[in-house]
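So the structure is just underneath, and the comments pick up after that.
The values are calculated or read from the model by the stated rules, or taken from the named source; none is laboratory data. Because the structure is predicted, anything quoted here is derived from the model rather than measured. When we count neighbours, we look across all protein chains shown, and the Cβ atoms used for this are built from the backbone with ideal geometry, even at glycine.
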Amino acid sequence: LRHFLTTEGLPASLMTEIMDRAAQFLGDTPRDLRKLPLLKGKSIVNLFFENSTRTRTTFEIAAKSLSADVVNLDISTSATAKGESLLDTLKNLEAMGADLFVVRHNQSGAPHFIAQHCTPNLAIVNAGDGLHAHPTQAMLDMFTIRKHKGEFANLKVAIIGDIRHSRVVRSQVHALAGLGCRDIRLVGPGTLLPRQGLAGTLFDQLRPGIEGVDVVICLRLQNERMDAGLLPSEAEFHDSYGMTLDRLAWAAPGAIVMHPGPINRGVELDSALADSERSVILDQVTNGIAIRMAVLSMVMGVKMEALA
Ligand code: CP
């Protein structure tokens, strides 16, 4: 695996290897993270041109758990503000000995552009680009689903909310379809459903969208990526699409509730459900460390046997 940029077109065998590796890092219990010096001597730079809590922090924990040296470039105080280009920033950081860049950018395609133009010595991992992709989020979501619900072929999965502006959905749908999930439902108001090109059945009503599903994934309204004219009021959105404990009864018995975060409580998800035993949201966060350890070790060429 040279770079990790998207889940689109990834073979099921590769996604399975990422999840199997992650399981090895988690050890016996979810919080019992194994620390292995597999990336000792490697330098990883976190380049986050957009805000992040979970992704940036879990990449840092993952890299440090593998004994890599980690630099978090503070973009707000960097020479980017003086007009330095993305590629020039990278070249300078490479001259300082960087081996791998973890990149989040508000421009769709920015990590792919870097991957096409960087030297062969560098690896790029996409930590979320514009409306396009968030592949490590999708892989930690697949890992969480597999852990709680088993294999994908017979699962019913509903993703609810602002589908149109979500890079997470795009990566989740590619991963779900690639892993054999045949019942993917995309649920939301017509203005926030995708226009074209995404696998899954569209529902503009919540109840038929989630009836009988095993997994409910809630999404926030992506206000920062939306035309103001499309934005429903939070109260309207909650009335029609907000997930509550009562509404979860429409799903299959034992259905789990997921959310990539950050949650807007009382909008897409009620606190009583977010904090209930049906929610695996914080498990997703923990699993994110293990998935990112798996991805970092794979792009750095570490063989599975080294984890034994
Ligand atoms: N899920 C996610 O990408 O969260 P952050 O924006 O906090 O990284």
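Considering region 278-288 alone, what residues qualify as being assigned to a helix (DSSP H, G or I) and in contact (Cβ under 8 Å) with a residue 12 or more places away in the chain?
If the condition is that a residue be assigned to a helix (DSSP H, G or I) and in contact (Cβ under 8 Å) with a residue 12 or more places away in the chain, then I281, D283, Q284, V285, T286, N287, G288 are the ones that fit.
Per-residue answers, yes or no, for (1) of a type in the set (G, A, S); (2) in contact with a strand residue (DSSP E or B) (Cβ under 9 Å, 6 or more places away or on another chain); (3) not in a helix (DSSP H, G or I):
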{"position": "F237", "(1), (2), (3)": "no, no, no"}
{"position": "A252", "(1), (2), (3)": "yes, yes, yes"}
{"position": "I263", "(1), (2), (3)": "no, yes, yes"}
{"position": "L273", "(1), (2), (3)": "no, yes, no"}
{"position": "S276", "(1), (2), (3)": "yes, yes, yes"}
{"position": "A290", "(1), (2), (3)": "yes, no, no"}
{"position": "A294", "(1), (2), (3)": "yes, no, no"}
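Let me spell it out: the conditions are (1) within 16 Å of the ligand (Cβ to nearest atom); (2) over 14 Å from the mean Cα position of the chain (by Cα), and I159 meets all of them except one. Which number is the exception?
(2)
What is the number of the single condition among (1) within 16 Å of the ligand (Cβ to nearest atom); (2) over 17 Å from the mean Cα position of the chain (by Cα); (3) of a type in the set (A, V, I, L, M) that A81 does not meet?
Checking A81 against (1) within 16 Å of the ligand (Cβ to nearest atom); (2) over 17 Å from the mean Cα position of the chain (by Cα); (3) of a type in the set (A, V, I, L, M), the one that fails is (1).
For L193, indicate whether it is surrounded by fewer than 18 Cβ atoms within 10 Å (Cβ to Cβ) and in contact with a strand residue (DSSP E or B) (Cβ under 7 Å, 6 or more places away or on another chain).
yes
Can you tell me which of (1) free of Cβ contacts under 8 Å to residues at least 40 places away in the same chain; (2) out of contact with any Leu (no Cβ under 8 Å at 6 or more places or on another chain); (3) at negative phi; (4) assigned by TED's automatic domain parsing to the domain that holds A252 is the one Q172 doesn't meet?
(1)
Check whether at least one residue in region 54-76 is of a type in the set (A, V, I, L, M), closer than 21 Å to N92 by Cβ, within 14 Å of the ligand (Cβ to nearest atom) and outside any helix (DSSP H, G or I), and report yes or no.
For region 54-76, residues of a type in the set (A, V, I, L, M), closer than 21 Å to N92 by Cβ, within 14 Å of the ligand (Cβ to nearest atom) and outside any helix (DSSP H, G or I): absent.
How many of the residues making up region 24-47 are part of a helix (DSSP H, G or I) and either within 17 Å of the chain's Cα centre (by Cα) or among the aromatic types (F, W, Y) (or both)?
1
Would you say L198 is within 28 Å of L10 (Cβ to Cβ) and under 22 Å from the mean Cα position of the chain (by Cα)?
Answer is yes for this residue.
With farther than 27 Å from I18 by Cβ and in contact with a Gly (Cβ under 8 Å, 6 or more places away or on another chain) as the only criterion, which of G266, G212 stands out?
Testing whether each residue is farther than 27 Å from I18 by Cβ and in contact with a Gly (Cβ under 8 Å, 6 or more places away or on another chain) leaves just G266.
Looking only at region 287-308, how many residues end up being in contact with a Leu (Cβ under 8 Å, 6 or more places away or on another chain) and at pLDDT below 95?
Qualifying residue count for the region: 2.
Before we move on, is E50 part of a loop (DSSP other than H, G, I, E, B), among the charged types (D, E, K, R) and within 16 Å of the ligand (Cβ to nearest atom)?
Considered against the rule, which asks whether it is part of a loop (DSSP other than H, G, I, E, B), among the charged types (D, E, K, R) and within 16 Å of the ligand (Cβ to nearest atom), E50 comes out as yes.
Determine whether region 184-192 contains at least one residue that is part of a strand (DSSP E or B), within 21 Å of P262 (Cα to Cα) and not small (G, A, S).
Within region 184-192, one or more residues are part of a strand (DSSP E or B), within 21 Å of P262 (Cα to Cα) and not small (G, A, S).
Looking at region 224-240, which of its residues are modelled with pLDDT under 95 and of a type in the set (D, E)?
Result: E224, D227, E234, E236.
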